[in-house]
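Reviewing the structure listed below.
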Amino acid sequence: MTEHEDAALLRRVEALLADPDHAGHPLHEALAELLARHRSQRHQLERLVSISDRYQQLAMEARQVTQKRYERSLRRQQKLSRISDGYQAMMRERNKALHRASTLDPLTQLANRRLIDERLRQFEVADRPYTLALLDIDHFKRINDRHGHDVGDALLVAIAETLREALRDYDLCGRWGGEEFLLLFAETGLDEAWGIVERLRESVADVGVSDGNRRLSVTLSAGLCERFPGESPAETLQRADQALLRAKRDGRNRSLAQPSP
Amino acid sequence: MDDTTPMIPDLDIPGSQSTPAIQSRWQQGRLAMQGDSYPENSYELFDQVIAWVRDYLATERRPLHLALSLVYLNTSSVKAMMDIFDLLEEAHLEGREVSVTWHYDPRNERIAELADEFREDCSYPFAITPSVAPA
């Protein structure tokens, strides 16, 4: 029965009860009581529905608040992780830059002694073959004395650039001392290294820096040796150094190997 | 109570290798922090900063300015800064005048990018300037 039909029926019953013609009829009292009970139950039902609706509304609102709070906290957590990851990435970059700075010679950007030592140790541990070359600029002190350290430094930078360009990716080129460079030719025999060093010495002879109107160029002396299996880096280095000394004594501007190729 | 009497004393925390230097100036409505922040107990350190900001905003009606020159922040320090910025946002939404200037070394653009991430949810003036903050 629809709300409308229900209301119409109630109105009919009310009208019948109100009619004085039906007063005192045996059904009058029973019908009046039935109507009152119906009204009361209807009222109860409406209250129940309204309370239930209000509960549902509250539950819905609470759920939305929780949902919102959850989303906010999630967003915050994501922001926190994002920023924190950013700082960690920054630290990693900083560490990398520090590592670069601590392993490169600041003037020439070649490997410094720390990196060279590290690399030599790695080769020793892996017992890998290599050929070492120690290169020394001839009469470098004279250049510094006559033209000043700025010119000497510029020359070092220019030579370093030439060495770096000529070497293969897996070779190592480092600044061993003031005007001394070290080349490490990985998995390379003495003959092959000798060829590379000779080409390098020719390229370096073409390198020059200008001091005012004059153009200065230099020559290199080199000492080479191939690592013996089981030989320590210090021993290999010492042999290369001895070869270099002999090259110097023999008149400079030349390569010498130990043993001779 | 006098308008300029702090509820809690001003902070004057010297920095260390792992903690930022922190100065609060109730009279000037100013809070400044400089340096790296990865303290052993960051809650202990930042709780007092958060308390100061909360008290200032609750007591005063005057503006509050934060001058930051923070470099590295660990996760809990990032969280603390987010909490502080949230306090400022709440105050701003209530009509208070609050602002932040984040100074960074122009050689480290990363800091600016991260400061920008912090700024994301802030509707008050939040400047990120390549400069060195006055100590």
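Residue-wise HN-Hα couplings along the stretch A:121-126, as the Karplus relation 6.51 cos²θ - 1.76 cosθ + 1.60 with θ = phi - 60° gives them from phi, are 5, 4, 5, 5, 4, 7 Hz; Gly and Pro carry x. Partner shielding of A:149-162 amounts to 0, given as the average count of beta-carbon atoms from other chains within 10 Å of each residue beta-carbon.
Using just its DSSP H runs of length 4 or more, each adding -39500 (n - 2.57), chain B gives a mean residue ellipticity at 222 nm of -12000 deg cm²/dmol after division by all residues. Taking the charge dipole of the stretch A:25-104 about its Cα centre, with +1 at Lys and Arg Cβ atoms and -1 at Asp and Glu Cβ atoms, the residue from A:50, A:27, A:81 reaching farthest to the positive side is A:81.
Before I look further, what does the protein assembly as shown give for accessible area per residue, probe 1.4 Å, in whole square angstrom? Numbers along the way, then the final one.
Values: 23120 Å² over 396 residues.
Per residue, the protein assembly as shown has 58 Å² of solvent-accessible surface.
In chain B, Cα pairs under 8 Å separated by at least six residues give a relative contact order of 20 percent.
To put it simply, the accessible area of chain A at a 1.4 Å probe is 52 percent carbon and sulfur.
Exposure check, 1.4 Å probe, all protein chains in place: residue A:48 carries approximately 120 Å² of accessible surface. With both labels modelled 7 Å from their Cα along Cα-to-Cβ, the residue B:94 to residue A:215 distance reads 7.8 nm.
Compared with the dominant principal axis of the Cα atoms in chain B, helix B:109-119 is inclined by about 40°. Computed over chain A with a Gaussian network model linking Cα atoms closer than 10 Å, the most mobile of A:84, A:52, A:210 is A:52. For the stretch A:50-58, backbone phi angles converted through the Karplus equation (6.51, -1.76, 1.60; θ = phi - 60°) give residue-by-residue couplings of 5, 5, 4, 4, 5, 4, 4, 4, 4 Hz, Gly and Pro being listed as x. Only Lys, Arg, Asp and Glu carry charge here, each on its Cβ (+1 for the first two, -1 for the last two); on that basis the stretch A:38-98 has a dipole of about 180 debye about its Cα centre.
Surface composition of chain B: carbon and sulfur atoms hold 51% of the protein heavy-atom accessible area at a 1.4 Å probe.
Using the Kirkwood radius over Cα pairs, work out the Stokes-Einstein diffusion coefficient for the stretch A:40-153 at 20 °C and 1.002 mPa s, in µm²/s as a whole number. Here the translational diffusion coefficient equals 95 µm²/s. 3J(HN,Hα) along the stretch B:32-40: 10, 9, 9, x, 8, 9, 9, x, 5 Hz, from the Karplus curve 6.51 cos²θ - 1.76 cosθ + 1.60 with θ = phi - 60°, whole Hz, x for Gly and Pro. Translational diffusion of chain A was estimated from the Stokes-Einstein equation, with Rh taken as the Kirkwood radius over Cα pairs; at 37 °C and 0.692 mPa s the coefficient is 125 µm²/s.
Interface burial in the stretch A:63-88, defined as at least 20 Å² less accessible area with all protein chains than with the chain alone at a 1.4 Å probe, covers A:75, A:76, A:79, A:80, A:82, A:83, A:84, A:86, A:87.
Here the ratio of the Cα radius of gyration of the stretch A:193-261 to 2.2 N^0.38 Å is 1.33.
The values are calculated or read from the model by the stated rules, or taken from the named source; none is laboratory data. Since the structure is predicted, the reported quantities are computational estimates derived from the model, not experimental observations. Every residue, glycine among them, receives a Cβ derived from its backbone with ideal geometry; neighbour counts consider all protein chains shown. Accessible surface areas use protein heavy atoms only, side chains included; no ligands, DNA or RNA. Shrake-Rupley method; radii C 1.70, N 1.55, O 1.52, S 1.80 Å.
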